[in-house]
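The values are calculated or read from the model by the stated rules, or taken from the named source; none is laboratory data. Bear in mind that the values here come from a model prediction, so they are computed numbers and not experimental data. Please note: Cβ atoms are built from the backbone with ideal geometry, for glycine as well, and neighbour counts cover all protein chains shown.
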Amino acid sequence: MAQTTVKDWSYHADEMSFGPLRFTTLGADRAPRRLQRRPRLAIYTGMRRGELLGLTWDAIDFDNRVPHVRQSLEVIGAGKDRAVRFKAPKTEKSRRDVALTSGAIEVLRSQHAQQSKLRLHLSGPFGDERLVFPDPRTGEPWKPDTFSNEFLRAVKASGLPKVSFHGLRHSYASISLRAGTPLKVVSEMLGHTTTAITADLYTHVLGDLKAQAADRLDKIFERAEKDHAVGAESGAWAKCGPIARASSKKLSKIRPDLVALTGIESESGDDTA
């Protein structure tokens, strides 16, 4: 696997993704303003390009921090017949609710505020106002392939390693898994049909996590052995002293049938029962 070392962690060329430190560079002022919010929401949620471009405001539940993924935007036709259309998710698992981070909510609120300002400036609606991320030049659905080309130019201008917009989805998954998010949760957030698909795609990440888990287990056993050695050396195991046996006088006050049940014997060695 070809790798190029970057500050936050190894960049896998075949994965075409990068970590959080590199991502902040793209989201800052080095990227065109009209592109900044889309990649941020992609890496915060793991949503696909078509899902983000097809997201509508009525599909977002801000109170519960959840966008409902119910449709996607795709290009159909070619040449003069080239157009876009909304389609239902391709699988039942793709039809899902995605948890929003505080960063994602900030991005959405900022986008909504910008659209509201534009409406006031124009004294009326601008394009399809149902859409969260329309083409900012027309207000209409943003053709996915056109959007991707603009994104790639922004990446090149930022000086980052080449990464596709879909690579941000991979980044979301890698960051989430490294942060300790269970594989099943990441798989559900991505809309994969099975966790096996997620596991196969991110084998290198899971391999690292297994090694880290083994290291943590080593530390637990090392600490236990150290505590045992210190305890034995100081006599901590014998601090409780010898176990006192009950006297015959005390046993005589106990009902014989109960003594027999416990198996306690008198000091003389005779069975009490």
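Only one of the listed residues (Arg96, Arg119, Arg82) is among the charged types (D, E, K, R) and at pLDDT 95 or above. That residue is Arg96. Filter segment 118-134 for residues that are under 29 Å from the mean Cα position of the chain (by Cα) and surrounded by 15 or more Cβ atoms within 10 Å (Cβ to Cβ); which is farthest from Glu74 (Cα to Cα)? Among them, the one singled out is Val132.
Just so you know, in segment 135-146 the residues that are surrounded by fewer than 20 Cβ atoms within 10 Å (Cβ to Cβ) and out of contact with any helix residue (DSSP H, G or I) (no Cβ under 6 Å at 6 or more places or on another chain) include one that is nearest to Arg38 (Cα to Cα), and it is Asp135. Please go through segment 86-117 and give me each residue that is over 25 Å from Ile175 (Cα atoms) and either under 20 Å from the mean Cα position of the chain (by Cα) or crowded, with 16+ Cβ neighbours inside 10 Å (or both), ordered by number. Gln115, the sole residue that qualifies.
For segment 44-61, the criterion of being polar (S, T, N, Q), over 19 Å from the mean Cα position of the chain (by Cα) and at pLDDT 95 or above is met by at least one residue.
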